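Visitor: Got a structure here, written out as structure tokens. Questions coming.
The values are calculated or read from the model by the stated rules, or taken from the named source; none is laboratory data. Bear in mind the structure is a predicted one, so any value in this text is a computation, not a measurement. Using ideal geometry, Cβ is built from the backbone for each residue, glycine included, and neighbour counts are taken over all protein chains shown. Accessible surface is based on the protein model in full, side chains and every heavy atom, while ligands, DNA and RNA are left aside. Shrake-Rupley method; radii C 1.70, N 1.55, O 1.52, S 1.80 Å.
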Amino acid sequence: MAAGAARSRFAVVGGGIAGVTCAEKLATEFPSEDIFLVTASPVIKAVTNFKQVSKTLEEFDVEEQPSSLLEKRYPNIKVIQSGVKRLKSKDHKILTEDGKEYIYEKLCLCAGAKPKLIFEGNPYVIGIRDTDSAEAFQKNLAQAERIVVVGNGGIALELVYEIEGCEVIWAIKDKAIGNTFFDAGAAEFLIPKLTAEKRETAIACKRTKYTMEGKEKKERPIAESDKLGSALGPDWHEGLRLKGTKEFSHKVHIEVLCEVKQILLQQEFLQLKQTSLTFPKEEKNVEADDVLWPVYVELTNGKIYGCNFIVSATGVVPNVKPFLDGNNFALGEDGGLKVDEHMHTSIPDIYAAGDICTASWEPSPVWHQMRLWTQARQMGWYAAKCMAADTLGEAIDMDFCFELFAHVTKFFNYKVVVLGKYNAQGLGLNHELMLRCTKGQEYVKVVMQNGRMMGAVLIGETDLEETFENLILNRMDLSAYGEDLLNPNIDIEDYFD
């Protein structure tokens with residue numbers, strides 16, 4: 001053993017939601033043990049204003065804080081600010097970038113995920129995943145007249161909605177926007193909000209804004225692109241001025257069912273002698289563009305658009321690379337570390353939680369993994385419980401949060417609740433949908449299979465989430481109600497309290 005290797009019973013790698021939650025829970029379970037939290041970033045992500053909204057729905061804010069605050073709250077958490085260089089699982093040892101060694105009995109890997117960048121290394125492509133990249137994006141946008149956004153998840157959706165004074169060409173591989181969260185019906189419900197010229201004033205946002213003011217800002221090193229910041233919190237665009245150079249508020253053109261074929265620098269584009277297109281006004285007249293742009297995007301549908309830069313918001317890949325060398329981890333199809341129902345990886349004494357892991361147990365029929373803050377928090381908390389139970393030789397049951405997939409968020413200023421198999425994930429053709437929609441007010445969709453509710457999407461202030469959560473969890477046969485299930489004149493809650 002090298003002289004000066006520090007020892008601790010528990011070590012956690014990663015300063016995001018999963019890692020911090022895991023370390024906090026371990027610190028409370030074992031107040032006399034030191035908990036090592038190894039993180040490459042000077043700030044950690046803390047969960048604040050936590051609210052259990054219903055049995056499975058929770059709301060919380062995500063706040064960036066200096067790690068010293070965490071150590072103040074939990075004196076037995078020791079934050080080690082350094083990246084991991086190597087993991088020697090046989091020796092139960094972590095080597096950090098700054099040359100130090102740490103020996104653990106039990107380790108939880110919560111190193112998150114990194115953006116899946118289209119065309120790595122292109123200076124005109126910005127990936128948005130964390131607060132550092134959001135700040136870089138804001139700087140670039142201030143000079144921009146047109147950008148291309150690629151991707152169809154939550155971040156792309158929010159981004160396109162928030163950008164003003166800049167033309168946005170939005171390339172999505174699906175038929176409808178927001179595919180990870182909704183179906184085409186919900187997208188149709190939201191689209192008018194996207195194209196409205198005058199934006200309504202935002203409802204006052206009760207979440208805390210994280211700004212690094214004054215002295216901290218100066219000291220904080222700028223993250224290079226390969227250094228990972230933590231994922232953005234639910235209100236990441238609050239306090240960022242997402243405004244381009246133009247005076248109009250909103251101009252979005254959506255190119256569906258396509259991906260980026262190639263990115264051409266100005267010189268390459270000129271050599272090709274191809275035409276690029278102006279921003280489409282009416283779908284019919286497609287005109288050639290006479291402006292010279294810094295960069296051009298050729299889409300798989302054959303269209304070429306010039307722009308100032310490209311935003312890649314195309315999802316994430318689990319950040320497993322630092323841990324693989326010399327360790328025989330079993331990996332999931334999505335590249336994450338496989339974990340069983342007690343969050344164990346395939347290597348003894350190593351657990352994983354959050355975006356880095358792939359849930360490999362037989363899930364409840366209405367739960368699935370999605371790389372979201374809610375699941376990062378739940379998994380981090382549960383992993384700590386499992387580590388504690390294993391240490392004390394106790395049995396532990398699967399946590400209730402894995403019974404039903406439930407997530408609440410906000411898109412375009414609407415409250416959005418998704419429950420269970422809300423997009424009929426994995427149900428094949430054997431299901432039916434029921435819809436209720438009041439334009440500009442609410443959108444309610446339920447997924448039914450053999451008379452039982454399997455999932456739901458609720459947009460707007462519907463107040464149906466608890467009732468629907470119970471109906472899904474109780475697996476009750478609802479065939480008798482038929483279409484009345486969504487009849488606004490029938491108070492469904494009275495039936496099922």
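Visitor: Just order 421-434, 20-33, 466-479 by mean Cβ neighbour count inside 10 Å, highest at the front, would you?
Guide: Ranked by mean Cβ neighbours within 10 Å, highest first: 20-33, 466-479, 421-434.
Visitor: Full extension from THR28 to LEU292: what is 0.36 nm times the residue separation minus their Cα-Cα distance, to one decimal in nm?
Guide: 89.1 nm
Visitor: Right, next: In nm, give the distance between the simple-model label positions of GLU145 and LYS51, each being 7 Å from the Cα along the Cα-to-Cβ direction.
Guide: About 4.5 nm, to one decimal.
Visitor: While we're here: Taking only protein heavy atoms into account and a 1.4 Å probe, give the accessible area per residue of the stretch 353-448 in Å².
Guide: I get 38 Å² per residue for the stretch 353-448.
Visitor: Applying 1/(1 + (r/R0)^6) with R0 = 35 Å to the Cβ-Cβ distance of LEU433 and GLU59, what FRET efficiency is obtained, to the nearest 0.05?
Guide: Details: r = 27 Å, r/R0 = 0.76.
Taking R0 as 35 Å, the efficiency between LEU433 and GLU59 is 0.85.
Visitor: What number comes out for the charge environment of ILE80, summing +1 per Lys or Arg and -1 per Asp or Glu over other residues with Cβ under 10 Å away?
Guide: +1
Visitor: Something else now. Structure shown: which of LYS25/LYS106; LYS55/LYS338; LYS175/LYS303 lie over 25 Å apart, alpha-carbon to alpha-carbon?
Guide: Over 25 Å Cα-Cα: LYS55/LYS338.
Visitor: Relative to 2.2 N^0.38 Å, what does the C-alpha radius of gyration of the stretch 413-495 come to as a ratio? Two decimals please.
Guide: Relative to the 2.2 N^0.38 Å estimate, the stretch 413-495 comes out at 1.02.
Visitor: Would you please put 377-386, 315-324 in order of how densely packed they are, using the mean number of other Cβ atoms within 10 angstrom per residue and starting with the highest?
Guide: The peptides rank, most packed first, as 377-386, 315-324.
Visitor: Could you give the length gained on full extension between ASP399 and ILE490, defined as 0.36 nm per residue of separation minus the Cα-Cα distance, in nm?
Guide: Extra length available between ASP399 and ILE490 comes to 29.3 nm.
Visitor: If the only charges are +1 at each Lys and Arg Cβ and -1 at each Asp and Glu Cβ, what is the size of the charge dipole of the stretch 413-495 around the Cα centre, to the nearest 20 debye?
Guide: That gives the stretch 413-495 a dipole magnitude of about 460 debye.
Visitor: Dividing the convex hull volume of the alpha carbon atoms of the stretch 347-497 by its residue count, what do you get in Å³ per residue?
Guide: With only Cα atoms used, the stretch 347-497 gives 135 Å³ per residue.
Visitor: Please work out the FRET efficiency for the pair ASN301 and GLN449, using the Cβ-Cβ distance as r and a Förster radius of 41 Å; give the result to the nearest 0.05.
Guide: With R0 = 41 Å, the Cβ-Cβ based efficiency is 0.70.
Visitor: Here are some pairs, LYS114/LYS385; LYS193/LYS415; LYS421/LYS445; LYS116/LYS321; which of them have Cα atoms lying more than 21 Å apart in this structure?
Guide: LYS114/LYS385
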